[in-house]
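Reading through the structure tokens given below for one structure.
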Amino acid sequence: MMMNTIRGAIIAAACCAGVTQGYAQESVNFVSWGGSTQDAQKEAWATPFTGKTGIKVIQDGPTDYGKLKAMVESGNVQWDIVDVEVDFAYRAAKEGLLEPLDFSIIDKSNIDPRFVSDYGIGSFYFSFVLAYNMGKISGQPAGWSALFDTETFPGKRALYKWPSPGVIELALLADGVSESDLYPLDLDRAFKKLDTIKKDIIWWGGGAQSQQLLASGEVSMGQFWNGRMFALQEDGIPVGVSWEQNLVMSDFLVIPKGAKNKDAAMKFLAYSTSAQGQADFAELTAFSPINKESDSMISEDLMAFMPTTYADDQVSLDYKYWAEHGPDIAKSWNEWLLK
Amino acid sequence: MYMTLSRKKWREGTLLIPILLFLCVFFLIPLAGLLLRSLTEPSFGLQNFEQLLATSTYVQVLSNTFLVATLVTVISLVLGFPLAWCITLMPNGWGRWLLGVILLSMWTSLLARTYSWLVLLQTSGVINKTLMAIGIIDEPITMVHNLTGVIIGMSYIMIPFVVLPLQACMSAIDPMVLQAASICGAPARTVFFRIFLPLCKPGLFSGALMVFVMSLGYYVTPALLGGVENMMLPEFIVQQIQTFLNWGLASASAALLIILTIVMFYFYLKVQTDSPVSTNTGA
């Protein structure tokens, strides 16, 4: 009996200690895509952030839009900060799934206005570039029209599979539509252009798959994320990149509605979008910083691989247009694919 | 006598209550909730089903799904049948080793196995390079990112699910029965078609059913080895759920798949009256 009481007291005391300790240390759940990107986010943002504020950052993932929606709907939100694609950030905001950001904590004065909205702020930005396997292609293809020129540059083409910003735009650009006339998208014209290479297209759904396709020579050329091509070049694979008409995409960091550690999450966003946070992340990934102050802090060697350097060749995609018309575009897109 | 037996059965039945409760809370209720969405999102009504069945693209996705599942089932049966027979006939011990190899392949990560097929089958892959080196072909054959790739990859993954029930069924067959048929003068063909095959029927049917139903819901392998022009329903559902948050349409697709599967299961039960999970020989 006595023993039991003592044991009970010890357990109770241990529990209390656990609870108070948990209380003393604030924490946030950070969710991203896993792999090298999330490793870099941890190194560039989470670790120094914890050192500065004492707020613990728990890494979780991968990002899953369905899960995010389910959490918000059930009211049990486990995630505090989520790295999402920009068109999703706009769509989720419209559906009421996100917390508005507090710009008294997050300083947006130096953030490129393309990469900030009321409900999300850039995580990083990147470009869809035309890249080719130099073992398979002779000459230097440039611009999206080269992608459709299978006579001069023979071989299969790799394109991004999901109906999201990118493929439609590059087809229209290749067909001679000027950047300013891209939107609203002329889907019929884009599909007609894509028809000319339809039998040569191999669709990729993820970064690793895209690298595998190009490195193995399965495709000779395609539309790729610039960071993934940088990684291939780092590995010594003969990959050429054309920055002409590079299509700018970005990831946003958002806070799901009802996030349990909202205040800590805002502070985290303030750090991750700071000049230092953005520069550190860029150094690790060759993805571009969304903070304009960061550019000068990045080493010169790396600049050659970053979209920032090719600003004059950039074509900005209209994410808001996609957030609104995405489902309709997808319908015609699927129809075209299965034809 | 009858009373005690039924009471005993009933008492054994009560042991099932925990698992039934578990299934109800963690499987049936969420499933029902998901399916209800097909009727309530974005507004109450049948609009999601209407959209699914009225759009030729979606109907094609659905028919693709059934086409692939059928092909995979047939191929798994054709390849799995001799394999199961082989395992059954092997001298003691060896059969178990072979079965072990098959089980081992099932325990390996699905993603790793699918990527391995990609490495083997792609135009610059091992198979094409070998064939070209030997001089059998001049140009690489396209075996992946199309229907062929999906069928090869999925059949490979599904074969164990045919072999296991079939082998259990075959090993229960009394070899004396086959011998008796031969002694009575039946040629090998007749013994196979009139004696052996009918005795294997329960194993064949349960294996086929399992493979068919699993193939209907397969996602990873078709997504990696297939081309988009043969999109299957699971991929369509993922697209609607993940990219567009259009859960109504996705739930409707899932519901449609479940309903069609249940209808087919009903016909299956009509044809095959033995329990689909039992491995008795039906004799």
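The values are calculated or read from the model by the stated rules, or taken from the named source; none is laboratory data. Note that this is a predicted model, so its numbers are computed, not measured. Every residue, glycine among them, receives a Cβ derived from its backbone with ideal geometry; neighbour counts consider all protein chains shown.
Details
- Single residue of the stretch A:119-139 satisfying the filter (part of a loop (DSSP other than H, G, I, E, B) and touching a strand residue (DSSP E or B) at 6+ places or on another chain (Cβ under 7 Å)) that is farthest from A:Ile255 (Cα to Cα): A:Ile137
- Residue in the stretch A:203-211 that is surrounded by fewer than 19 Cβ atoms within 10 Å (Cβ to Cβ), modelled with pLDDT under 95 and more than 24 Å from the chain's Cα centre (by Cα) present: no
- Hits in the stretch A:187-200 - residues which are more than 26 Å from the chain's Cα centre (by Cα) and not in a loop (DSSP other than H, G, I, E, B): A:Asp188, A:Arg189, A:Lys192, A:Lys193, A:Asp195, A:Lys198, A:Lys199, A:Asp200
- For the stretch A:241-251, the condition of being within 14 Å of another protein chain (Cβ to nearest Cβ), in contact (Cβ under 8 Å) with a residue 24 or more places away in the chain and over 16 Å from the mean Cα position of the chain (by Cα) holds for none of the residues.
- Every test in (1) assigned to a strand (DSSP E or B); (2) hydrophobic (A, V, I, L, M, F, W, C); (3) out of contact with any strand residue (DSSP E or B) (no Cβ under 6 Å at 6 or more places or on another chain) is passed by A:Phe88 save one, and that test is (1).
- Filtering B:Val78, B:Val59 for residues that are of a type outside the set (S, T, N, Q), within 26 Å of B:Ile157 (Cα to Cα) and surrounded by fewer than 19 Cβ atoms within 10 Å (Cβ to Cβ) leaves a single hit, B:Val78.
- Search result, residues across the stretch B:39-83 that are of a type in the set (Ser, Thr, Tyr) and over 27 Å from B:Val228 (Cβ atoms): B:Thr40, B:Ser43
- Candidates are the residues of the stretch A:310-339 that are away from every other protein chain (no Cβ under 14 Å) and touching a Phe, Trp or Tyr at 6+ places or on another chain (Cβ under 9 Å); the one that is surrounded by the most Cβ atoms within 10 Å (Cβ to Cβ) is A:Leu317.
- Residue, nearest to the chain's Cα centre (by Cα), within the stretch B:22-56, restricted to residues that are loosely packed, with under 13 Cβ neighbours inside 10 Å and part of a loop (DSSP other than H, G, I, E, B): B:Leu46
- Listed conditions (1) buried (at least 20 other Cβ atoms within 10 Å of the Cβ); (2) not in a helix (DSSP H, G or I) are all met by B:Met154, apart from (2).
- Qualifying residue in the stretch A:291-302 (condition: within 19 Å of A:Asp39 (Cβ to Cβ), in contact (Cβ under 8 Å) with a residue 40 or more places away in the chain and in the same structural domain as A:Val84 (by TED's automatic domain parsing)): no
- Residues of the stretch A:47-70 satisfying the condition of being free of Cβ contacts under 8 Å to residues at least 40 places away in the same chain, under 14 Å from A:Ile81 (Cα atoms) and part of a helix (DSSP H, G or I): A:Tyr65, A:Lys67, A:Lys69
- Qualifying residue in the stretch A:35-43 (condition: over 16 Å from the mean Cα position of the chain (by Cα) and touching a residue at least 60 places away in the same chain (Cβ under 8 Å)): yes
- Neighbours by Cβ (under 6 Å, 6+ apart or cross-chain): first from the stretch B:53-81, at negative phi; second of a type in the set (Ser, Thr, Tyr): B:Ala69/B:Ser215; B:Val72/B:Ser155; B:Val72/B:Ser215; B:Ile75/B:Ser155; B:Ser76/B:Ser155
- In summary, helices (runs of 4 or more DSSP H) completely within the stretch B:177-270 and bearing 1 or more residues that are within 30 Å of A:Glu324 (Cα to Cα) and either at pLDDT 90 or above or within 14 Å of chain A (Cβ to nearest Cβ) (or both) occur at B:220-225, B:233-238.
So that you can scan it fast, the table gives a plain yes or no per residue for (1) in a strand (DSSP E or B); (2) closer than 26 Å to A:Ile111 by Cβ:
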{"residue": "A:Gln209", "(1), (2)": "no, no"}
{"residue": "A:Leu214", "(1), (2)": "no, no"}
{"residue": "A:Gly227", "(1), (2)": "no, yes"}
{"residue": "A:Phe252", "(1), (2)": "yes, yes"}
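- Just so you know, in the stretch A:161-186 the residues that are closer than 21 Å to B:Met231 by Cβ and either away from every other protein chain (no Cβ under 14 Å) or assigned to a loop (DSSP other than H, G, I, E, B) (or both) include one that is farthest from the chain's Cα centre (by Cα), and it is A:Ala171.
- Some residue of the stretch A:143-153 being away from chain B (no Cβ under 12 Å) and part of a strand (DSSP E or B): no
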